[in-house]
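*Asks:* Structure incoming, see below.
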Amino acid sequence: MMSMQLSQRSPRGLFDPYYVPDLLLYRDRELESITGVCKDSYESEYGVNCLVHGIGGVGMTVFSRYFLTRIIPGSFDAHTVYVDAKGKDVLEIVGELNDAIHRKENKPITVAFDLDVLWMQFKRMASDAAKRTVFVIDNIDERNEDVYSKLARLSKEIKASTIGVLNSHDYRMLTKLPATQMAYDFEVHLDTYSQSQLYDIIRMRVEDTFPLGLTEDILRYMTDIVCEFDASKPKTSIEALKVLWPLAQRGQEIDSDAVRAATAKIVTLGQDQDYMDTVDTISMNDYMTALVLEVLAEHLMRYRTETYIDRQTLNENVQIKCEELGVKYTHSDIEKSLQTLIFESIVFESGYSHNLLYVLVPPDVLYDSALSIRRELTRGK
Ligand SMILES: Nc1ncnc2c1ncn2[C@@H]1O[C@H](COP(=O)(O)OP(=O)(O)O)[C@@H](O)[C@H]1O
Ligand SMILES: [Mg+2]
């Protein structure tokens, strides 16, 4: 009975690269403008071509698919065809266009392996179709740019629309060089999300697909890491969720260790050993910094599901520790030590609030080295 329940909650949205959520968040303006342009062209019977671009992972695919599947059907009566060109040669792409338009028209497909024959079949079917079409070609790059250009020219002829989707790098290369033929009337730039927008996007996905949800702290921690190290890309957050999903499914508690493991690929600070070297050099002559780090790490070790410590708690804990050890301190000493740790990228301030502090090295590792440095410094006194 358990397994039935689980399979019903199969996380389609998490593992399907073409998943379209019920809501596309924070893209109202962009959706409105592309809808306006395509609807006008449809109703006034002229072809229009458009480029959608942004950094890879920002949500270009989901934007174009949401537009095709959710917006167009409610706005105007066009056929919609989506083809992902990634890694495909020209023959495959034209073959898919041809298949798709035949399917829309309920016409049997005649098999052809010759590019010119395929293109002619496609062209005929697209021109004679009962409705005009909005085409999307996703992942345009220099190898398949020709197909986009050809389709864009055809669109003008047959009063259809073509939307090309490409990442910023290919966009710059293909549109700014004088040699390219890339033709478009209109473009939509998809900007990166703010920290809180990214948080909302992944929270929505968690609600869609996670068996028992994840705590707010875990989601924030993940968002903080993706914002700090991977340009706020939703794709990276979703990749991390994919790693966490099977753990959650097995009933394992998702703690900060799990999030660190799931995002380890994007965190480029290197190996634990490098960290320890940094910790060594900063703390060698600085008893207070070693102590602050020790206290901070100790707190995060004790409370595994707490991914942050706030400055107030840290201050109080340092104060207690200093009293225990009979060490004199001032408030500004603590603040100075913390600034050093932040500057050396050992401690990070959350993008949600500079009051919240987090680390990336497992707290146990930090704790051990901070403690041993402090002891050494004590002995050396
Ligand atoms: N505005 C958004 N609302 C909901 N989900 C989003 C949004 N933007 C991106 N996503 C999700 O982020 C992930 C990456 O998006 P995708 O469209 O595949 O990126 P790209 O094509 O730019 O590499 C997908 O799982 C997508 O559903
Ligand atoms: Mg994509």
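*Asks:* Between rounded, prolate and oblate, where does the stretch 27-189 land on the alpha carbon gyration tensor, with a ≥ b ≥ c its root eigenvalues, rounded for a/c under 1.5, else prolate if a/b exceeds b/c?
*Replies:* Because a/c hits 1.5 or more and a/b fails to exceed b/c, the stretch 27-189 counts as oblate.
*Asks:* Right, another one. Which loop GluC sites (Glu not before Pro) in the stretch 12-100, with loop taken from DSSP, have no more than 11 other Cβ atoms within 10 angstrom of their Cβ?
*Replies:* Within the stretch 12-100, the qualifying GluC sites (Glu not before Pro) (loop, at most 11 other Cβ atoms within 10 Å) are Glu45.
*Asks:* Something else: Express in nm, to one decimal, how much length is gained between His189 and Leu91 on full extension, taking 0.36 nm for each residue of separation and deducting their alpha carbon distance.
*Replies:* 32.4 nm
*Asks:* Tell me the label-point distance for the pair Gln249, Lys131, using the 7 Å Cα-to-Cβ offset, in nm and rounded to one decimal.
*Replies:* Taking the simple label geometry, Gln249 and Lys131 are separated by 3.6 nm.
*Asks:* Another question about this same structure. Please compare each pair in Lys265/Lys336; Lys104/Lys159; Lys235/Lys265; Lys242/Lys265 to a cut-off of 21 Å on the Cα-Cα distance and tell me which ones are over it.
*Replies:* Lys265/Lys336
*Asks:* What's the ranking of 298-308, 156-166 by average number of surrounding C-beta atoms within 10 Å, highest first?
*Replies:* Result, highest mean Cβ count within 10 Å first: 156-166, 298-308.
*Asks:* Pop out the ³J(HN,Hα) list for the stretch 302-311 in order, Karplus 6.51 cos²θ - 1.76 cosθ + 1.60 with θ = phi - 60°, rounded to Hz; leave Gly and Pro as x.
*Replies:* Taking θ as phi minus 60°, the curve returns 6, 10, 4, 8, 8, 9, 10, 10, 8, 4 Hz for the stretch 302-311.
*Asks:* If packing is taken as the average number of other Cβ atoms within 10 Å across a peptide's residues, how do 57-70, 114-127 rank, most packed first?
*Replies:* 57-70, 114-127
*Asks:* Moving to a separate point now. What list of ³J(HN,Hα) values in whole Hz, one per residue of the stretch 218-224 in order, does the Karplus curve 6.51 cos²θ - 1.76 cosθ + 1.60 (θ = phi - 60°) give from phi, with Gly and Pro shown as x?
*Replies:* The phi angles translate into 5, 5, 5, 4, 4, 5, 4 Hz.
*Asks:* Could you compute Rg(Cα) / (2.2 N^0.38 Å) for the stretch 291-381, with N its residue count?
*Replies:* In units of the 2.2 N^0.38 Å rule of thumb, it is 1.04.
*Asks:* Give, to the nearest whole percent, the P(r) tail of the chain beyond 34 angstrom, counting all Cα pairs.
*Replies:* In whole percent, the long-distance tail amounts to 45.
*Asks:* Could I ask something else about it? List the trypsin sites (Lys or Arg not before Pro) in the stretch 231-267 that DSSP assigns to loop (not H, G, I, E or B) and whose Cβ has at most 15 other Cβ atoms within 10 Å. Which are they?
*Replies:* Those satisfying the criteria are Arg250.
*Asks:* Shifting gears a bit: Which of the aspartates and glutamates could be linked to Lys156 by a straight reach, that is with a Cα gap under 15 Å, when you skip same-chain ones fewer than 8 residues away?
*Replies:* Within reach: Asp40, Glu43, Glu45, Asp128, Asp185.
Bear in mind these aren't lab numbers, they're just calculated from the coordinates by the rules spelled out. In this text, all values refer to a predicted model and were calculated from it rather than measured experimentally. All Cβ positions, glycine included, derive from the backbone under ideal geometry; neighbour counts span all protein chains shown.
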